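This structure is in structure tokens; I'll ask about it shortly.
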Amino acid sequence: MKPFIVIAEDEKSVAELLRYNLESEGYETAIAGDGDEAMLLLDERIPDLMLLDWMLPKISGIEICRRVRTRHETANLPIIMLTARTEEADRIRGLETGADDYVTKPFSTNELMARVKAVLRRIRPALMDDQIRVGDIQIDRTTHRVTRAGQDIHLGPTEFRLLEYFAQHPGRVFSRERLLDGVWGADVYVEARTVDVHIGRLRKALMSTGGTNPIRTVRSAGYSLRTD
Ligand code: CA
């Protein structure tokens, strides 16, 4: 699954440049042209990282940063603040607002791409690694090979994406709706029941080598991958 990055930037040329470069690097992107749009995008789907312009119409970048940090679902969302201001006081204020990094315009695209990678690697290591290990489950994201306690597990493409999604946030409980958005995509119409069917298949495949059930069902909340 491609990491999803929201670009909140009202200068169209800058936003398009960022989109072009991020998509060439294999990220999925969405652009918000003002603060309201940025908040709407965050409500629809929580990104893996946000590039946030400081001087944004309607709701400023600083205010968005503050709101993002106070909301439980987005409290840990990695944010790189973009700004034309260079004063040291602003820089410090930006960091105190809760941004993870800070880039001054005009920026070098290469440098920004390196910062994006660095922030993602620091905050969401599982997202950037080819190999993910959760308990005795090992996932190779390049070859799509999955093993459990060293034995091969055969998964269909949807089950693989489900497992990959869980493994990026081990222990976290996901509702069926969140899994639909994250694994199938927000614009695909699939019934919530479909999630149960694929969870069932994934569970069965993961237990085919004789191991215990690694997927926890949390009543009325959803599913999570056990970390032990
Ligand atoms: Ca601006």
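Would you mind stating whether Val188 is hydrophobic (A, V, I, L, M, F, W, C), surrounded by fewer than 19 Cβ atoms within 10 Å (Cβ to Cβ) and not assigned by TED's automatic domain parsing to the domain that holds Arg121? Spell out the reasoning first.
Details: hydrophobic (A, V, I, L, M, F, W, C): yes; surrounded by fewer than 19 Cβ atoms within 10 Å (Cβ to Cβ): yes; not assigned by TED's automatic domain parsing to the domain that holds Arg121: yes.
It is true that Val188 is hydrophobic (A, V, I, L, M, F, W, C), surrounded by fewer than 19 Cβ atoms within 10 Å (Cβ to Cβ) and not assigned by TED's automatic domain parsing to the domain that holds Arg121.
Only residues in segment 1-30 that are more than 24 Å from Asp130 (Cα to Cα) and open to solvent by 60 Å² or more (accessible area, probe 1.4 Å) count as the first member; pair them with residues that are within 16 Å of the ligand (Cβ to nearest atom) and assigned to a helix (DSSP H, G or I), Cβ under 8 angstrom, at least 6 apart or cross-chain, and list the lot.
Listed by first residue and then by second, the contacts come to nothing, as the list is empty.
What about Asp140, is it in contact with a strand residue (DSSP E or B) (Cβ under 8 Å, 6 or more places away or on another chain), of a type outside the set (Lys, Arg) and closer than 22 Å to Arg216 by Cβ? Quick ask: steps written out before the conclusion?
Numbers: in contact with a strand residue (DSSP E or B) (Cβ under 8 Å, 6 or more places away or on another chain): yes; of a type outside the set (Lys, Arg): yes; closer than 22 Å to Arg216 by Cβ: no.
No; evaluated as a whole, the condition is false for this residue.
Can you tell me which residue is most open to solvent (accessible area, probe 1.4 Å) among those in segment 191-228 that are farther than 21 Å from Ile153 by Cβ and in a loop (DSSP other than H, G, I, E, B)?
Top of the filtered list is Arg219.
Within segment 147-164, restricting attention to residues that are open to solvent by less than 40 Å² (accessible area, probe 1.4 Å) and without any contact (Cβ under 8 Å) to a residue 24 or more places away in the chain, which residue is farthest from Gly210 (Cα to Cα)? Show your work before the answer.
If we filter segment 147-164 for residues that are open to solvent by less than 40 Å² (accessible area, probe 1.4 Å), which is where we start, we get 147-148, 153, 156, 158-160, 162-164.
Then keep just the ones that are without any contact (Cβ under 8 Å) to a residue 24 or more places away in the chain; that gives 147, 160.
Details: Thr147: 12, Phe160: 19 Å.
It comes out as Phe160.
The values are calculated or read from the model by the stated rules, or taken from the named source; none is laboratory data. Values in this document were obtained by computation on a predicted structure and should not be read as measured data. Cβ sites come from the backbone with ideal geometry, for glycine too, and all protein chains shown count toward neighbours. When the accessible area is computed, the model is the full protein with side chains, heavy atoms only, and any ligands, DNA or RNA have been set aside. Shrake-Rupley method; radii C 1.70, N 1.55, O 1.52, S 1.80 Å.
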